[in-house]
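Below is one structure, written out as structure tokens, with a few remarks after it.
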Amino acid sequence: MNVKIEPTWKEQLQGEFEQSYFQRLTDSVRNEYQAGTCYPPGRLIFNAFNLCPFDQVKVVILGQDPYHEPGQAHGLSFSVMDGVPFPPSLQNIFKEIQNDLGTPVPFSGNLTRWAEQGVLLLNASLTVRAHQANSHSQLGWQLFTDAAIRALATHRSSIVYMLWGSFARGKAYMIDKQKNLVLESVHPSPLSANRGGWFGQHQFSRCNAYLQEHGLTPIQW
């Protein structure tokens, strides 16, 4: 299959594209987009991979599925387009960065700037039906995105994995904690964060300290 995805990722994931599940997934996603509004726009489905090549990944932040309201999703977990109000989880992410690093809350929730520094902002499902969270979670996306995580775990090391909430933390078994840093916490959504375990974890400074210890440039959060 001629999947339009960044070349280093295409090399790593070529075996997935050739499997029958991926053909079924492709057919299902195409049918969903033809039947009604889905997010993100088709050209941005693989945006997380295209902005952050395999050999440049320094940090992985795993989300569950894209935002499902108009104008928000553009293929990066937790990120929204320029000019879109910050969703509650993103507000809490920025608050914790401000508390942790002293940097001001940015004007835009577009996290492309993170992706271009080596932060893989990966959703477990890469598409969603409008107004229906997790509506594409059974299409087969997780087989594909799990394969991406396993490829990193197998061929790369010294990566910081930020696993927020029970869903993301359920992926920790794929990661060698001796060769990488795994930072786990509750989800930054208000329901979870306000109960404790999100604020004050200093994940962003801990991430940067680890990267520097391993000779890598820290992220400008």
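The values are calculated or read from the model by the stated rules, or taken from the named source; none is laboratory data. Not measured: the values here are computed from a predicted model. As a convention, Cβ positions derive from the backbone with ideal geometry for all residues, glycine included, and neighbour counts pool all protein chains shown. To get the accessible areas, we keep the full protein, side chains included, count just its heavy atoms, and leave off ligands, DNA and RNA. Shrake-Rupley method; radii C 1.70, N 1.55, O 1.52, S 1.80 Å.
Here are the numbers:
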quantity: Identity of the residue in the stretch 120-137, polar (S, T, N, Q) and under 16 Å from PHE167 (Cα atoms), that ends up surrounded by the fewest Cβ atoms within 10 Å (Cβ to Cβ); calculated: ASN134
quantity: Verdict on LEU183 being open to solvent by less than 10 Å² (accessible area, probe 1.4 Å), farther than 15 Å from ASN123 by Cα, without any contact (Cβ under 8 Å) to a residue 40 or more places away in the chain and out of contact with any Pro (no Cβ under 6 Å at 6 or more places or on another chain); calculated: yes
quantity: Scope the stretch 8-37; condition touching a residue at least 60 places away in the same chain (Cβ under 8 Å) and under 18 Å from the mean Cα position of the chain (by Cα); matching residues; calculated: TRP9, GLN12, LEU13
quantity: Answer residue from the stretch 206-221, given it is without any contact (Cβ under 8 Å) to a residue 40 or more places away in the chain and in a loop (DSSP other than H, G, I, E, B) and is most open to solvent (accessible area, probe 1.4 Å) among those; calculated: GLY215
quantity: Residue within the stretch 52-74 that is at negative phi, part of a helix (DSSP H, G or I), of a type outside the set (A, V, I, L, M) and touching a Gly at 6+ places or on another chain (Cβ under 8 Å) present; calculated: yes
quantity: Any hit, the stretch 109-118, residues being open to solvent by 10 Å² or more (accessible area, probe 1.4 Å), of a type in the set (Gly, Ala, Ser), part of a loop (DSSP other than H, G, I, E, B) and farther than 21 Å from TYR161 by Cβ; calculated: no
quantity: All positions within the stretch 186-205 that are closer than 22 Å to LEU126 by Cβ and surrounded by 20 or more Cβ atoms within 10 Å (Cβ to Cβ); calculated: HIS187, PRO188
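Matching residues to (1) among the aliphatic types (A, V, I, L, M); (2) in contact with a Phe, Trp or Tyr (Cβ under 9 Å, 6 or more places away or on another chain); (3) crowded, with 19+ Cβ neighbours inside 10 Å:
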position: GLN34; (1), (2), (3): no, no, no
position: THR37; (1), (2), (3): no, no, no
position: PRO40; (1), (2), (3): no, yes, yes
position: ASN47; (1), (2), (3): no, no, yes
position: ASP55; (1), (2), (3): no, no, no
position: LYS58; (1), (2), (3): no, no, yes
position: TYR67; (1), (2), (3): no, yes, yes
